[in-house]
Structure formats: structure tokens, C-alpha cells
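J.: Submitted below is the structure of interest, expressed as C-alpha cells.
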Amino acid sequence: MAKLLYKLGKFIAEHKWVSIIAWLLILGVIITPLLISAPKFDSNITMNGLKSLDTNDKMSKEFHQDSEKASMKIVIHSDKKDGITDKDTKKDIEKALDNIKQDDDYVQNVSNPYETNQVNDDKDTAIATVNYVVNQTSLKDSSKKIIDREMKDVKDNHNVQIEQAQGGSGGSEPGGNSELVGIVTAFIILLITFGSLIAAGMPIVSALMGLGSSIGIIALLTNVFDIPNFTLTLAVMIGLAVGIDYSLFILFRYKEIRKKGTPPVESIALAVGTAGSAVIFAGLTVMIAVCGLSLVGIDFLAVMGFASAISVLFAVLAALTLLPALISVFHKRIKIKDKPEKSKDPKNHPWAKFVVGKPVLAIIISLIILIAAIIPISGMRLGMPDDSLKPNDSSAHKAYNLVTDNFGAGYNGQIAMLVNTKDGGSKKDIESDLNSMRKDLKDMDNVDTVEKPQLNDNNHYALISIIPEDGPNAQSTSNLVYDLRDYNKQAKEKYDFNTEVTGQSVINIDMAEKLNNAIPVFAGVIVLLAFVLLVFVFRSILVPLKAVLGFVLSLMATLGFTTLVMQDGFLGGLFGVENTGPLLAFLPVITIGLLFGLAIDYELFLMTRVHEEYSKTGDNDHSIRVGIKESGPVIVAAALIMFSVFFAFVFQEDVMIKSMGMALAFGV
């Protein structure tokens with residue numbers, strides 16, 4: 001491979017403009033269709049193979065509801081008692097809701113809170129729901145503007161508070177500020193590393209070209225596949241970070257070779273031939289790791305993994321083909337220090353001196369730090385973010401709080417029980433049994449209210465709405481879901497009814513449970529793969545064992561620290577965490593996949609240099625010192641860039657992006 005890469009590097013160095021023009025053409029071909037037709041990312045994160053989803057589909061069919069369609073919850077609150085039922089206020093609210101239905105062709109129906117019993121006991125808060133005929137992703141801004149326009153008059157004329165929350169669970173598009181902060185920070189690190197504006201800019205230009213191409217392809221694939229919009233954020237994070245890192249490794253090697261007086265073209269060829277092999281291996285490792293997400297058996301995770309792999313692939317291609325061309329164009333502007341270093345003796349390197357001189361102390365310090373970070377993992381809970389975790393100033397969060405304060409936290413996560421009443425006899429008998437069942441459910445722990453059962457047209461199914469005492473992400477709500485499923489046995493014995501439960505909170509609980517069960521299997525496969533790869537490279541058992549142990553400890557410390565911040569609220573103000581809750585359900589598996597790739601990369605970059613020196617000298621201590629002295633600086637620079645790119649996403653408002661940025665940044 002080294003020979004092929006050497007030839008590739010030499011060809012590109014001699015025909016630099018061919019490579020640059022080819023990349024510009026590729027980018028143009030990818031972007032042009034996107035300018036004609038905008039991509040459509042899916043705002044909902046759904047899963048396959050969940051019982052609650054099957055129940056949801058059955059309920060949609062029997063009661064003519066479609067959970068895939070968009071909906072908007074409108075919460076209206078008055079500071080005056082009985083303010084919502086005031087004659088003029090009621091009249092204007094009903095008129096506004098009617099206008100929303102009349103003015104928007106995409107509206108299927110609008111629930112009237114006065115008819116659906118969605119007014120609280122104090123009669124100062126009401127909930128109306130607008131259901132649409134289009135999916136969440138197809139909901140137009142014009143529909144939201146119609147609601148704003150109609151409700152504004154009610155708000156102004158009656159001095160009421162009106163907040164909105166869109167139905168479904170999803171993420172937001174990645175914000176440009178995070179990418180910009182990451183790029184600027186990476187540029188500063190590269191400027192310090194290379195001491196030249198041109199040299200610092202080249203890895204960033206290379207990474208951005210690769211990122212633009214990969215993101216363009218992912219966007220084009222939305223015409224064929226359902227791709228969650230969170231996938232784009234993850235692909236941007238990874239593509240930008242590894243794109244800059246891989247280019248950094250090749251540029252760093254080029255400078256090392258040029259210091260020996262080798263001509264520029266030959267230096268480029270040698271840099272691509274040597275560092276290029278490491279970049280390909282590193283890229284393949286990360287791609288295998290993220291594609292391994294498909295092993296979990298969850299469609300949207302597989303899509304995320306494959307999209308991230310595309311991003312990494314283009315980062316590798318850009319580093320191997322575009323960066324050498326840029327080096328060839330600007331080689332005269334890259335500073336090469338001819339002065340010899342003051343001390344080439346690795347014995348004088350302070351960090352190497354400490355690690356080799358006091359290995360037991362180094363191990364103890366690192367273990368204390370890691371174990372301290374691991375401790376919070378014992379309390380880690382997984383879930384899906386709801387509106388309570390959104391920023392305090394968002395309308396969705398305010399709507400959540402209004403519902404909690406005036407109806408109870410459970411109203412934000414109602415549970416639907418679907419009852420099969422086919423064998424229940426006459427309608428009168430069925431209704432009698434359903435009322436008895438309602439009393440059973442009311443007596444259960446963690447239940448606040450049980451609504452009156454609704455029968456469908458042919459009396460074969462009934463729908464019972466159960467309101468928990470606590471919110472969707474509370475442990476008590478999760479316990480209630482399991483209790484309601486256990487109740488099916490009692491319903492069968494007493495009434496000859498079969499029961500099932502569903503609802504957004506139930507689906508989220510099932511999703512978290514399935515992902516939680518997948519973690520040990522996925523982690524086991526990843527750890528085994530890491531061990532086999534390192535045994536193959538180093539032909540040793542102890543080195544891979546040490547590497548795998550380090551990976552497992554760093555992974556647990558990452559999840560522990562993320563739990564401490566995102567779930568327990570430690571240093572929340574520093575990281576912009578306004579509201580705490582369970583960790584994002586799929587965060588652990590994505591973190592495992594990505595950190596595996598990065599951990600193996602850093603292990604290889606360091607240990608291959610140690611191994612190379614040991615093969616020459618047979619001196620263990622000397623080899624470690626040389627490895628730390630020569631490979632250490634580039635690994636630290638690469639890790640700082642990775643950390644900066646990921647950490648920039650911590651300050652996004654979307655809790656999914658925030659938690660992902662934090663886990664990956666501290667994982668690095």
C-alpha cells in the first residue's frame with residue numbers, strides 16, 4: 001500500500017491543478033441538484049420492532065388517527081381565575097381556532113378545548129390541538145404563521161399567555177455557529193503547530209471540501225431514504241473533526257521530511273506514502289466502528305452510522321488527494337525550521353521522563369481521575385428528550401410548564417391503552433366491564449387520572465387515556481408502563497379483554513429499553529474487534545489488552561461525566577444545561593462506536609512509533625520516550641482539534657446535539 005500511496009502522492013504533486021479542479025467539479029456536481037430541489041430530512045426519530053409502535057399503528061387504524069401526521073399543541077393561560085371560560089374570551093378563542101382550520105388547507109381538524117374537556121379545574125388554562133394532513137417534515141412555516149396570526153388577537157385582546165409545542169420527538173438542524181467556532185479554534189491550534197497561516201489553512205480547506213461533498217451526498221440520499229436530521233449534525237461533527245486531523249498527520253509528516261532537505265515533490269510523495277497508510281487505517285477503523293451501529297438492529301442508528309461513514313470516507317479521500325495538491329501549490333509558503341533542536345535526547349522530555357521514571361504514580365493518578373468520572377454511571381438513565389429539556393425561553397418549554405402547573409406533569413405524557421373488546425358480548429356489557437376496568441386502573445400506583453373509555457365504530461376496540469402522576473421521563477412513569485402491561489393478565493381473567501399500551505412516552509420508554517439492552521452486545525463486539533485489530537498490528541497480547549482496558553475505562557468515564565452534567569446538572573450553568581433529564585437513549589451506542597475508532601487511532605499513532613524504535617534498539621524505556629517525544633505533539637494537536645470541534649456543539653440549544661457534543665468532546 002505504501003508504494004501505491006507514494007505513486008499517488010507523486011502524481012498529485014506533479015499534477016496539482018488536476019486534483020484541485022477535479023474536487024471543485026465533484027463539489028459542483030453534488031451541490032447543483034440541491035440548489036434546484038432542497039433536501040428533506042426527517043424530524044422524527046422512530047424505531048422499528050417495538051410493541052408500542054405496533055399498538056400505535058393498530059390504534060391509528062381502528063380510531064382513524066395517524067400518529068405520523070404533524071400536530072401542534074396550543075396552550076392558553078389566563079392569570080384570572082375562570083379567565084378562560086369568560087364569555088368574550090371563550091368566543092374569541094373558538095373563533096381563532098375555527099379560523100385556523102378555515103385558513104389552512106393542510107389542517108385536518110382542530111380540537112375545541114371546551115368540547116374535549118381540555119380546560120383545567122380553575123378554568124384558567126386550556127389545551128387545543130391542531131392536527132394536519134401532512135407529516136412532521138412537510139409542515140410548512142405558513143401553517144405556524146397562521147396560528148401565530150390568529151392567536152395574537154386573542155393574546156392582545158384578553159391579556160392571555162399562549163404557547164405552542166409541535167408534536168413528535170425530533171432534533172433540529174445543525175447550527176452554523178458551532179461549526180464556525182470549531183473551525184476557528186482548529187485554525188488557531190494549527191497556526192501554533194505549524195507557525196504559518198497558509199500551513200494552518202490547508203488542513204481546514206481540505207476538510208471543508210471533503211465535508212461539503214459528503215454532506216451533499218447525504219442530502220441527495222434523502223430523496224431515496226428517510227434520514228433523520230440529527231444524522232446531518234453527527235456527520236458534520238465527525239467529518240470536520242477527522243478531516244482536519246487526517247490532513248494534519250500528512251502535513252506534519254511532510255514538514256518532518258522537508259527538514260531533511262528532501263525536495264518538495266519527493267517530500268509530498270513520501271508523506272502520502274507513510275502517513276497516508278496510517279490515515280487509511282485510521283479512517284477504515286472509524287468507518288467500521290460507525291457502520292457497526294447497524295449491528296444494534298435499529299434502522300435510524302444504521303442510517304446514522306452509514307452517513308457518518310460517508311463523511312469519514314470523503315475526509316480520507318480529501319486528505320490523500322486534495323491536501324497534497326494544496327501543499328504542492330503553496331510549498332514555498334510553508335515554514336520549515338532548519339535550526340537543530342536544542343536537545344534531541346528524549347530523556348529530557350518532561351512528560352516522557354515522568355511516565356517512564358514514575359510509571360506506578362502515573363497509573364495511580366490516571367486511575368483516580370478515571371474512576372472518579374466513572375462513579376456517576378451507576379445512576380445513568382436513558383430516555384428521549386421531551387419539551388421539559390428544551391431551553392427555558394422556548395415556547396415549547398413554556399407550554400410544557402403551563403400544562404404541568406395547571407393540569408399535572410402527567411398530561412405531558414399521556415398513556416393510551418388499547419383494549420380488544422371483540423369477545424366482550426353486547427355493547428352494554430362491554431361498557432360495564434370497561435367502567436370496572438377504569439376503576440382498576442385508577443387504583444394503580446402512579447396514576448393521576450383515567451379518562452372515560454371510548455369505543456370504536458364496531459365496538460371491537462376501546463381506547464382508555466391514562467394520565468400518570470409524573471412527567472414522561474420520570475422513573476415512576478416508566479414503572480407505570482410496566483404495571484399496565486402486567487395488568488393485561490388481570491384484564492384477560494376478569495373481563496376477557498386483551499390490553500396494550502402506547503403513546504409517545506411509552507414509545508420512548510421502549511426505545512430506551514431496546515437501546516439499553518443493545519449496549520452490552522455492541523460494546524462486546526467493538527471491544528473484541530479492537531483486540532483482534534491490535535493483535536494483528538502489534539503481534540502481542542499485552543499491548544492490545546492494555547489498549548482495550550484503556551478504551552473501556554475512558555468510555556465509562558465519558559458516560560459517567562456526561563451523566564453527571566446532563567442528568568445530575570453538575571456544572572450545568574457552565575455548559576448551558578438549563579434543564580436536566582435522562583441521557584439521550586442512543587448516546588451510549590454512538591459514543592462507543594466513535595470513541596472506539598478514535599481510541600484505536602491514537603493508540604496506533606503512538607505505539608507504532610514506540611514499536612518502530614524498539615525494533616531498532618530493543619530498549620523499552622528509550623522507545624517509550626521517543627514515541628512520546630515524536631508522536632506525542634501531533635496526537636495532542638489532533639486531539640485538541642477533535643475536542644474543539646465536538647465541544648463547540650455543546651453550546652447548541654438542542655439537547656440531543658448538546659449531549660452528543662459533550663460525550664464526544666470529553667471522550668477524546
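The values are calculated or read from the model by the stated rules, or taken from the named source; none is laboratory data. The model shown is predicted, which means the values in this text are computed figures rather than measured ones. As a convention, Cβ positions derive from the backbone with ideal geometry for all residues, glycine included, and neighbour counts pool all protein chains shown. These area figures cover heavy atoms from the full protein model, side chains too; ligands, DNA and RNA do not enter into them. Shrake-Rupley method; radii C 1.70, N 1.55, O 1.52, S 1.80 Å.
J.: Specify which of the listed residues (G627, G597, G593) is open to solvent by less than 10 Å² (accessible area, probe 1.4 Å), under 25 Å from L248 (Cα atoms) and in contact with a Lys or Arg (Cβ under 6 Å, 6 or more places away or on another chain).
T.: G627
Rundown of residues vs (1) over 23 Å from the mean Cα position of the chain (by Cα); (2) modelled with pLDDT of 85 or more; (3) under 21 Å from L232 (Cα atoms); (4) not in a helix (DSSP H, G or I), yes/no style:
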{"position": "S172", "(1), (2), (3), (4)": "no, no, yes, yes"}
{"position": "G182", "(1), (2), (3), (4)": "no, no, yes, no"}
{"position": "I189", "(1), (2), (3), (4)": "yes, no, no, no"}
{"position": "A199", "(1), (2), (3), (4)": "yes, no, no, no"}
{"position": "M202", "(1), (2), (3), (4)": "yes, yes, no, no"}
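J.: May I pose another question? Looking only at region 529-551, which residues are surrounded by fewer than 19 Cβ atoms within 10 Å (Cβ to Cβ), assigned to a helix (DSSP H, G or I) and without any contact (Cβ under 8 Å) to a residue 40 or more places away in the chain?
T.: Passing the criteria: F531, V532, V535, F536, L542, L545, K546, L549.
J.: Somewhere in region 272-284, is a residue in a helix (DSSP H, G or I), farther than 29 Å from I218 by Cβ and over 26 Å from the mean Cα position of the chain (by Cα)?
T.: yes
J.: Here's another thing I want to ask about it. Name the pairs whose Cβ atoms lie under 8 Å apart, with the first residue in region 18-36 and surrounded by 16 or more Cβ atoms within 10 Å (Cβ to Cβ), the second β-branched (V, I, T) and part of a helix (DSSP H, G or I), and 6 or more positions between them or separate chains?
T.: What qualifies is S19/I12; S19/T321; I20/V329; W23/T321; I30/I217.
J.: Only residues in region 247-266 that are free of Cβ contacts under 8 Å to residues at least 60 places away in the same chain and of a type in the set (S, T, Y) count as the first member; pair them with residues that are open to solvent by 30 Å² or more (accessible area, probe 1.4 Å) and assigned to a helix (DSSP H, G or I), Cβ under 9 angstrom, at least 6 apart or cross-chain, and list the lot.
T.: If the second residue must be open to solvent by 30 Å² or more (accessible area, probe 1.4 Å) and assigned to a helix (DSSP H, G or I), the pairs left are T262/L270.
J.: Sticking with this one: For residues that are outside any strand (DSSP E or B) and farther than 23 Å from D57 by Cβ, scanning just region 442-457, find the one that is most open to solvent (accessible area, probe 1.4 Å).
T.: Filtering region 442-457 for residues that are outside any strand (DSSP E or B) and farther than 23 Å from D57 by Cβ, the one most open to solvent (accessible area, probe 1.4 Å) comes out as K452.
J.: Just to be sure, is T580 part of a helix (DSSP H, G or I) and not hydrophobic (A, V, I, L, M, F, W, C)?
T.: Criteria not met by T580.
J.: Would you say L248 is open to solvent by less than 40 Å² (accessible area, probe 1.4 Å) and over 25 Å from the mean Cα position of the chain (by Cα)?
T.: yes
J.: Taking D654, is it under 13 Å from the mean Cα position of the chain (by Cα), within 28 Å of L293 (Cα to Cα), crowded, with 21+ Cβ neighbours inside 10 Å and of a type in the set (D, E)?
T.: yes
J.: Hey, another quick one. Pairs please, first residue from region 96-125 and touching a residue at least 60 places away in the same chain (Cβ under 8 Å) and more than 17 Å from K152 (Cβ to Cβ), second anywhere and assigned to a loop (DSSP other than H, G, I, E, B) and hydrophobic (A, V, I, L, M, F, W, C), Cβ atoms under 6 Å, 6+ apart in sequence or on different chains.
T.: Going by the 6 Å Cβ cut-off, the qualifying pairs are N120/F407; D124/I84.
Okay, residues lined up against (1) hydrophobic (A, V, I, L, M, F, W, C); (2) under 25 Å from L584 (Cα atoms); (3) out of contact with any strand residue (DSSP E or B) (no Cβ under 6 Å at 6 or more places or on another chain); (4) at pLDDT 90 or above:
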{"position": "K616", "(1), (2), (3), (4)": "no, no, yes, no"}
{"position": "D621", "(1), (2), (3), (4)": "no, no, yes, no"}
{"position": "V655", "(1), (2), (3), (4)": "yes, yes, yes, no"}
{"position": "S659", "(1), (2), (3), (4)": "no, yes, no, no"}
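J.: So, one more: Kindly indicate the residue of region 475-495 that is within 17 Å of G581 (Cβ to Cβ) and open to solvent by 30 Å² or more (accessible area, probe 1.4 Å) and also modelled with the lowest pLDDT among those meeting that condition.
T.: Q475
J.: Can you tell me which residues in region 496-528 are buried (at least 17 other Cβ atoms within 10 Å of the Cβ) and in a loop (DSSP other than H, G, I, E, B)?
T.: F497, G503
J.: Can you find even one residue in region 404-416 that is surrounded by 19 or more Cβ atoms within 10 Å (Cβ to Cβ) and either free of Cβ contacts under 8 Å to residues at least 40 places away in the same chain or more than 19 Å from T125 (Cα to Cα) (or both)?
T.: Looking for residues that are surrounded by 19 or more Cβ atoms within 10 Å (Cβ to Cβ) and either free of Cβ contacts under 8 Å to residues at least 40 places away in the same chain or more than 19 Å from T125 (Cα to Cα) (or both), one finds at least one in region 404-416, hence yes.
J.: Collect the residues in region 157-170 that are out of contact with any Leu (no Cβ under 8 Å at 6 or more places or on another chain), within 30 Å of F41 (Cβ to Cβ) and either at pLDDT 75 or above or assigned to a strand (DSSP E or B) (or both), keeping them in residue-number order.
T.: I162, Q164, A165, G170
For every residue, the table says whether it meets (1) among the hydroxyl-bearing types (S, T, Y); (2) in contact with a Ser or Thr (Cβ under 8 Å, 6 or more places away or on another chain); (3) not in a loop (DSSP other than H, G, I, E, B).
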{"position": "P376", "(1), (2), (3)": "no, yes, yes"}
{"position": "H397", "(1), (2), (3)": "no, yes, yes"}
{"position": "N412", "(1), (2), (3)": "no, yes, yes"}
{"position": "M417", "(1), (2), (3)": "no, yes, yes"}
{"position": "D429", "(1), (2), (3)": "no, no, yes"}
{"position": "I467", "(1), (2), (3)": "no, yes, yes"}
{"position": "S476", "(1), (2), (3)": "yes, no, yes"}
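J.: If a residue has to be assigned to a helix (DSSP H, G or I) and aromatic (F, W, Y) to count, how many in region 204-230 make the cut?
T.: Within region 204-230, residues that are assigned to a helix (DSSP H, G or I) and aromatic (F, W, Y) number 1.
J.: Any residue at all in region 258-281 that is among the aliphatic types (A, V, I, L, M), open to solvent by 20 Å² or more (accessible area, probe 1.4 Å) and within 19 Å of I600 (Cβ to Cβ)?
T.: yes
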